Amino acid sequence: QVQLVESGGGLVQAGGSLRLSCTASRRTFSTMGWFRQAPGKEREFVAAISSDGRSTSYADSVKGRFAISRDNAKNTVYLQMNSLKPEDAAVYYCNTVINGDRPFGSWGQGTQVTVSS
């Protein structure tokens with residue numbers, strides 16, 4: 001089973017930017033995506049990208065601010081987050097995506113994003 005390692009989180013001021021990375025232990029031929037979980041809330045879908053990188057989808061809350069991309073040569077998926085808001089603060093995870101926005105597979109440790117107002 002593929003292992004996923006997320007990185008790139010940190011503390012940023014509102015309006016700032018961060019780029020998250022998710023590196024897989026081997027090549028994945030699947031749609032991949034990002035999810036997030038804030039304290040006291042359920043984990044939610046953020047963005048997904050097709051295996052060839054040509055198709056992307058986003059949660060309404062991040063459209064126009066976040067961009068997902070992937071580099072299959074590096075087995076890595078990225079999430080560029082711009083214009084961050086305090087409500088974006090969460091632990092961010094990547095995973096295989098099925099049915100558009102459903103996670104499938106084991107979770108990594110995630111990466112913490114904190115946004116100060």
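Here is how the numbers come out for the structure above:
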quantity: Of all residues in the range 13-27 being open to solvent by 50 Å² or more (accessible area, probe 1.4 Å) and hydroxyl-bearing (Ser, Thr, Tyr), the one that is modelled with the lowest pLDDT; calculated: Ser25
quantity: Residue within the range 106-113 that is in a loop (DSSP other than H, G, I, E, B), surrounded by fewer than 18 Cβ atoms within 10 Å (Cβ to Cβ) and either more than 14 Å from the chain's Cα centre (by Cα) or among the β-branched types (Val, Ile, Thr) (or both) present; calculated: yes
quantity: Given (1) in contact (Cβ under 8 Å) with a residue 24 or more places away in the chain; (2) in a loop (DSSP other than H, G, I, E, B), number of the condition Arg54 does not satisfy; calculated: (1)
quantity: All positions within the range 54-84 that are open to solvent by 30 Å² or more (accessible area, probe 1.4 Å), closer than 19 Å to Arg102 by Cα and either of a type in the set (A, V, I, L, M, F, W, C) or touching a strand residue (DSSP E or B) at 6+ places or on another chain (Cβ under 6 Å) (or both); calculated: Thr56, Ser57, Tyr58, Ala67, Ser69, Arg70, Tyr78
quantity: Residue among Arg19, Arg26 that alone is of a type in the set (Lys, Arg) and in a loop (DSSP other than H, G, I, E, B); calculated: Arg26
quantity: Residues of the range 58-84 classified as in a loop (DSSP other than H, G, I, E, B) and either acidic (Asp, Glu) or under 26 Å from Arg26 (Cβ atoms) (or both), total; calculated: 2
quantity: Matching residues in the range 90-105 - criterion: being farther than 16 Å from Ser7 by Cα and either open to solvent by less than 40 Å² (accessible area, probe 1.4 Å) or not in a strand (DSSP E or B) (or both); calculated: Thr96, Val97, Asn99, Gly100, Asp101, Gly105
quantity: Checklist (1) surrounded by 14 or more Cβ atoms within 10 Å (Cβ to Cβ); (2) in a helix (DSSP H, G or I); (3) not basic (Lys, Arg) applied to Glu87, failing item; calculated: (1)
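The values are calculated or read from the model by the stated rules, or taken from the named source; none is laboratory data. Computed from a prediction, not measured in an experiment: that's the story for all the values here. For neighbour counting, all protein chains shown are included, and Cβ atoms are generated from backbone atoms with ideal geometry for every residue, glycine included. Ligands, DNA and RNA are excluded from the accessible area calculation, which covers all protein heavy atoms including side chains. Shrake-Rupley method; radii C 1.70, N 1.55, O 1.52, S 1.80 Å.
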